[in-house]
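Have a look at the structure below, then the notes.
The values are calculated or read from the model by the stated rules, or taken from the named source; none is laboratory data. Please read these numbers as outputs of a predicted model, since none were measured by experiment. Because the Cβ atoms are built from the backbone with ideal geometry, glycine has one as well, and the counts that use them run over all protein chains shown. The accessibility values were calculated without ligands, DNA or RNA, using every heavy atom of the protein model including side chains. Shrake-Rupley method; radii C 1.70, N 1.55, O 1.52, S 1.80 Å.
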Amino acid sequence: MSHSVSTTQTVSHRTACILCPENCGLVIDTLDGKFVKVLGDKNHPTSQGYMCQKPTRLNYYQNHEDRLTQPLKRQEDGSFVEISWDQAIREIADKLNHLRDTYTGRSLAYYGGGGQGNHLGGVYSTALRAAMDTRYLYGSLAQEKTGGFWVNGKLFGRQNIHPTEDVEHAEISIFIGTNPWQSHGFHHARKTLNEIKKDPTRKIVVIDPRKTETAEMADLFIQVKPGKDAYLMTALLAILVRDNLVDHDFIREKTTGYETVAKYLSTVPIARFAIYSGTDEATLSGLARDISTASSVTVRTDLGLEQSRHSTLNGYLSRLIFLITGNFGRKGCHNLHTSFIPVIGHSDEPEVNKKVWKTQVTGMKEIAKIFPPNILPAEIDTDHPNRIRGLFVDSSNPVTTAADTNAYRKAFKKLELLVVIDVALTETAELAHYVLPASSQFEKWEAAFFNLGFPTNHFHLRKPIVPATPGTLPEPEIYRRLVVAMGKIPASFPELKAIAKLDRKFPKLKLFPLALKAFLALKPKLRPYFTIILAETLGEALPDQAKAAAVFWGAAQIYAKQHKEAIQRAGIIDQGNGLGDALFEKILHSPSGTNISVHNYEDQWKWIKHPDGKIHLCIEEMFEEMGRLENEIQLDLHSKKDFPFLLSAGGRRTYNANAIYRDPEWRKSEKEGALYIHSDDANMLGLKTGDPVICESKVNSMTVVVEVNDSTQPGYVMLPHGYGLRFPLKGTKQRGSQGPVINHLTSSDHCDELAKTPFHKNVPVRLKAVSNL
C-alpha cells in the first residue's frame, strides 16, 4: 500500500505510540521518510498531549538496516533466497492445504496477530485461520493474562468481561507487582502519580519485591518477598473479614458466594502468612482499615503479579480485595467497560461444551479463545501423531519473547512449515521456511484495540504517515492473497464492489447492507471470510486508500446496536443512514481518535452474564489452591540449596521496551541491560557495578553485567526484557546482539498449573563471579 506523502519538506502527522497498551496520541514530523520530531498529540481524547520518553526514538523502529523488502525462502543449507510474492503465496498456500487435508486443521497453529499497536492485521488473520481450519491461537496475552481472564469468567460470567481501574479518581491506589512510573497502564500515568502524591487526601500503596520508582512515591510501601504475594493478599482478605471491614450492603445486593469465601478466610493463619510474605499483621491491619474507610479504592496489578508464583490465584485474590469492600461500579473504583473490537473471546469449560478445543499433546484447554505459549514447544517437539506440524507467526517473536528459547529453537526445527510475517529478520524469522515482509505500523492503516475506558471509551484509527517500503505488503492483503490461493474465496467480488461504491454516494438507501446480507445468505460458506469481503467491496470505496479500515464499518454496526444511548452521549448522531454508519464515519475522519461512547455507571450490571445478574465470588478451584499455601511454606524451606537466588526475568526500565526496537542504539542509557543485585549479595560474591557474572538457571546460563542496586532485596536479582535482539553490524555482513536474552534462562514447565502462565518473576538461579572461575 502506498500513500501520497511529501518527501521534500517536513510534514506533521497525527498518529499513536505503539510501545505499550496506552497507545498515546502522537504528532510526528517526517522528512524523506524519517521521523525528525515526535510530540504528544493534545487533540487525542485520552492522552491529551501526554507521552513518556520512549516514543521519541520511534525512528529506530521505522528506519533500520534490518527492514525486509522481499519474501524469503529458506534453502537446504539454511540460507535464504529472495522470491516473488506470487511464488511465496502459491507455495505457502499449497503447503497449508496439504497439512490441513492430510493431518486435519489440528496440525496447524497460529501465533501472534498484532503487537501493541498493530491489531488491524490480526482481525484479518481470522480468515486465514478459518482456511487452515484451526482454533489454535497462541500469543503474548496468553503468556500474561489468561489466568485473569479465567477468573473474570467465573466472577462475571464471561472471560471477555474485563474490569478496569479508575486510578485517576481513586482515594487509595494500590499497586501490586507493577511500576506504573515505567510501565504506565493508565492514562498519563506519571502525571497522575504526581497529582496523587501532592494531594494529602489521597494515598499510594505499593506492594512489590523491589522499591521501584512508584514505591519511592508511596505513602505505604510493603516490600513483599518474591513469590509470596498470595500469602500477603490472603492475610489481608482474612483481616477484612475478621474485623468486619467489608461492604455488607454491596455483598448482599450485588454478589453471591460470600459466605463460603468468609468461612475459608476465617481459618487463615494471618500472622504466619503475613510474616512469611515479608510484612506483619499490624501493617496489614492498618491497610485494611484504610481500605474500609476510603471513599474509593483501586487495586492495579500487572506482570509482576501475573507472572509470579500462584499466578491465577493472585488474580482472584486481587479482585476479591476490591469486590468484598464494594469498590466496584463507582467512580474511582473498578468498572467494567465495552470493547469496540474485542481482543479476546470466551471459552466454556471443556466439560460443559464438547466443542471447546484442547491441545492434542498436553491436553491444555483454551481460555478466552487463546492458548498459552508455554505449551507450544511440547505440542511440536514430539512423535505424537496429532502434533502441530505447521505454524504461522505474525508480528511476534516467540523464540526470544516466550519462555525457554532453547525449547522453541529445538521445536521449530521439527516443523514442516514455519511462516513468519514481520518487518525485520527476527530470531523467529531466521528459523522460518518462508519470511513475508510487512509494511510497518506507520506505512499502513492501523489501530489498537486496547480501549479500556469507562465511562468514556475511545477509538483511534491511524492513517499511514510515510510511504510503504517497496516490496512490503500490509497484513490484510497478505491474508487475502493466501486465502484466495487456498481456494476458499474468489479473487474479487465485482457485484458487491459496485454496490458498495454506489452506497457511499447514497448511504441513506442502505444498498450495501442489504446486498451484503443477501450475498452471505446465499453463500454461507463465505461467512468466515467476512473481513476480507468487506475490504474488497466496501473498502475499495473508502477515501485515502482506507481499504483495510472497512472492518470497522461492521464493528460499528454491532456496537451501535448494543450501545445506542452511550454512543449518542458521545455526540454521535444518526444522520439518516444509521447510527452505526455515523459512528464509522466519525472514526474514519478523526485523525486524533474520537470518543465513541459515554456510559452510565449502572450500565455495567447489564454486562454481567450470570443468569442472576450478580458477581459470583466463590471459585472452588481457587480455594483448593489456597488450601495448599500452608503446605508450600514447608516445601520452600529446602528449595534454595542449589539455586539460592530468585531472578525476575523481564522488567521495565527507562530505556527498554518490547521487541519492537531491534537496534540497541536507541537506548540513551542502560545499554547492557544489567543484572540488578543487592549490595549484600554483591559483597558476598565480590562483585561491583560493571563486573561480569554468570547467571545460571536449571536450563541454561549466560554472562551478564552487574549493577549493584539496593532497590531490590537480598536474594532477589533482576534482568530487563527487550535485550539481546540480533541486528546487522554496520559495515559488515555479520549480525550481533547486545544484552541478555532472558528467555535463555526460563523454562516452559515453570508455570501456573491452571493457565500455564510462566513464572518469569521467580526463576531460581545461581550466580558465579567470572573472576572466580
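Within the stretch 518-536, residues that are over 15 Å from Arg129 (Cα atoms) and among the hydrophobic types (A, V, I, L, M, F, W, C) have Cβ atoms under 8 Å from residues that are open to solvent by 60 Å² or more (accessible area, probe 1.4 Å) and not in a helix (DSSP H, G or I) in no pair, counting only partners at least 6 apart in sequence or on another chain. Residues in the stretch 461-516 that are part of a helix (DSSP H, G or I) and basic (Lys, Arg): Arg480, Arg481, Lys497, Lys501, Arg504, Lys505, Lys508. Where strands (runs of 3 or more DSSP E) fall entirely within the stretch 657-765, those with at least 1 residues that are of a type in the set (Ser, Thr, Tyr) are at 675-677, 701-708, 716-719. When each of Asp680, Asp636 is tested for being more than 26 Å from the chain's Cα centre (by Cα) and at pLDDT below 95, the lone residue that passes is Asp636. Only helices (runs of 4 or more DSSP H) whose full extent lies in the stretch 540-598 are considered here, and the ones with at least 3 residues that are under 22 Å from Leu496 (Cβ atoms) and of a type outside the set (Asp, Glu) are 551-562, 579-588. Of the numbered criteria (1) open to solvent by 10 Å² or more (accessible area, probe 1.4 Å); (2) modelled with pLDDT under 95, the one Gly724 fails is (1). Quick check on Lys410: is it of a type in the set (Lys, Arg), touching a residue at least 40 places away in the same chain (Cβ under 8 Å) and within 30 Å of Leu68 (Cβ to Cβ)? When the stated conditions are applied, Lys410 does not pass them.
In the stretch 604-621 there is no residue matching the filter, namely being farther than 30 Å from Gly257 by Cα, surrounded by 17 or more Cβ atoms within 10 Å (Cβ to Cβ) and within 25 Å of the chain's Cα centre (by Cα).
Taking the criterion of being open to solvent by 10 Å² or more (accessible area, probe 1.4 Å) and either out of contact with any helix residue (DSSP H, G or I) (no Cβ under 8 Å at 6 or more places or on another chain) or not in a strand (DSSP E or B) (or both), the residues of the stretch 416-440 that qualify are Glu416, Val423, Leu425, Glu430, Leu431, His433.
Within the stretch 336-349, can one find any residue that is open to solvent by 10 Å² or more (accessible area, probe 1.4 Å), free of Cβ contacts under 8 Å to residues at least 24 places away in the same chain and either assigned to a loop (DSSP other than H, G, I, E, B) or farther than 23 Å from Leu220 by Cα (or both)? Yes; the residues of the stretch 336-349 include at least one that is open to solvent by 10 Å² or more (accessible area, probe 1.4 Å), free of Cβ contacts under 8 Å to residues at least 24 places away in the same chain and either assigned to a loop (DSSP other than H, G, I, E, B) or farther than 23 Å from Leu220 by Cα (or both).
Answer yes or no: is there a residue in the stretch 719-740 that is touching a Pro at 6+ places or on another chain (Cβ under 6 Å) and closer than 22 Å to Asn179 by Cα. There is at least one residue in the stretch 719-740 that is touching a Pro at 6+ places or on another chain (Cβ under 6 Å) and closer than 22 Å to Asn179 by Cα. Here Lys733 meets each of (1) surrounded by fewer than 23 Cβ atoms within 10 Å (Cβ to Cβ); (2) touching a strand residue (DSSP E or B) at 6+ places or on another chain (Cβ under 8 Å) with one exception, condition (2). Screening Lys501, Lys463 for residues that are surrounded by fewer than 21 Cβ atoms within 10 Å (Cβ to Cβ), within 20 Å of Ser395 (Cα to Cα) and at pLDDT 95 or above leaves exactly one candidate, Lys463. Working only within the stretch 390-415, note down all residues that are more than 26 Å from Gln116 (Cβ to Cβ), open to solvent by 20 Å² or more (accessible area, probe 1.4 Å) and not in a helix (DSSP H, G or I). Lys413, Lys414 - these are the residues of the stretch 390-415 that are more than 26 Å from Gln116 (Cβ to Cβ), open to solvent by 20 Å² or more (accessible area, probe 1.4 Å) and not in a helix (DSSP H, G or I).
The criterion of being closer than 26 Å to Asp574 by Cβ, small (Gly, Ala, Ser), surrounded by 15 or more Cβ atoms within 10 Å (Cβ to Cβ) and modelled with pLDDT of 95 or more holds for Ala546.
Residue-by-condition table, conditions (1) of a type outside the set (Gly, Ala, Ser); (2) open to solvent by 20 Å² or more (accessible area, probe 1.4 Å); (3) more than 30 Å from Met486 (Cα to Cα):
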position	(1), (2), (3)
Ile18	yes, no, yes
Val27	yes, yes, yes
Pro55	yes, no, yes
Glu76	yes, yes, no
Asn97	yes, yes, no
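Is there a residue in the stretch 127-146 that is part of a helix (DSSP H, G or I), open to solvent by less than 20 Å² (accessible area, probe 1.4 Å) and among the β-branched types (Val, Ile, Thr)? Within the stretch 127-146, one or more residues are part of a helix (DSSP H, G or I), open to solvent by less than 20 Å² (accessible area, probe 1.4 Å) and among the β-branched types (Val, Ile, Thr). Residues considered: Arg300, Arg330, Arg289. Of these, the only one that is touching a Gly at 6+ places or on another chain (Cβ under 8 Å) and at pLDDT 95 or above is Arg300.
The requirement of being within 30 Å of Glu670 (Cβ to Cβ) and not acidic (Asp, Glu) is satisfied by Phe175. Just wondering, is there one or more residues in the stretch 688-703 that are touching a residue at least 24 places away in the same chain (Cβ under 8 Å), under 30 Å from Pro350 (Cα atoms) and either surrounded by fewer than 19 Cβ atoms within 10 Å (Cβ to Cβ) or not acidic (Asp, Glu) (or both)? The answer is no, given that none of the residues of the stretch 688-703 is touching a residue at least 24 places away in the same chain (Cβ under 8 Å), under 30 Å from Pro350 (Cα atoms) and either surrounded by fewer than 19 Cβ atoms within 10 Å (Cβ to Cβ) or not acidic (Asp, Glu) (or both).
For the stretch 29-50, the set of residues classified as among the hydrophobic types (A, V, I, L, M, F, W, C) and open to solvent by 50 Å² or more (accessible area, probe 1.4 Å) consists of Leu31, Val36, Leu39, listed by residue number. Looking at His184, His169, His188, just one residue is open to solvent by 60 Å² or more (accessible area, probe 1.4 Å) and either under 30 Å from Pro764 (Cα atoms) or not hydroxyl-bearing (Ser, Thr, Tyr) (or both), and that residue is His169. Inside the stretch 151-166, residues that are part of a helix (DSSP H, G or I) and either in contact with a Phe, Trp or Tyr (Cβ under 9 Å, 6 or more places away or on another chain) or surrounded by 24 or more Cβ atoms within 10 Å (Cβ to Cβ) (or both) make up a count of 5. Among the residues that make up the stretch 574-581, is at least one of them touching a strand residue (DSSP E or B) at 6+ places or on another chain (Cβ under 7 Å) and either under 19 Å from Asp603 (Cα atoms) or buried (at least 16 other Cβ atoms within 10 Å of the Cβ) (or both)? No, the stretch 574-581 contains no residue that is touching a strand residue (DSSP E or B) at 6+ places or on another chain (Cβ under 7 Å) and either under 19 Å from Asp603 (Cα atoms) or buried (at least 16 other Cβ atoms within 10 Å of the Cβ) (or both).
Pairs linking a residue in the stretch 59-80 that is among the hydroxyl-bearing types (Ser, Thr, Tyr) to a residue that is surrounded by fewer than 17 Cβ atoms within 10 Å (Cβ to Cβ), with Cβ atoms under 6 Å and 6 or more positions apart or on different chains, are Thr69/Gly471. Put simply, of Lys586, Lys517, Lys510, Lys525 the only residue that is within 28 Å of the chain's Cα centre (by Cα) and open to solvent by 50 Å² or more (accessible area, probe 1.4 Å) is Lys586. So for the stretch 654-667 (the condition being surrounded by fewer than 20 Cβ atoms within 10 Å (Cβ to Cβ), among the basic types (Lys, Arg) and either at pLDDT 95 or above or out of contact with any His (no Cβ under 6 Å at 6 or more places or on another chain) (or both)), does at least one residue qualify? So far as the stretch 654-667 goes, no, none of its residues is surrounded by fewer than 20 Cβ atoms within 10 Å (Cβ to Cβ), among the basic types (Lys, Arg) and either at pLDDT 95 or above or out of contact with any His (no Cβ under 6 Å at 6 or more places or on another chain) (or both).
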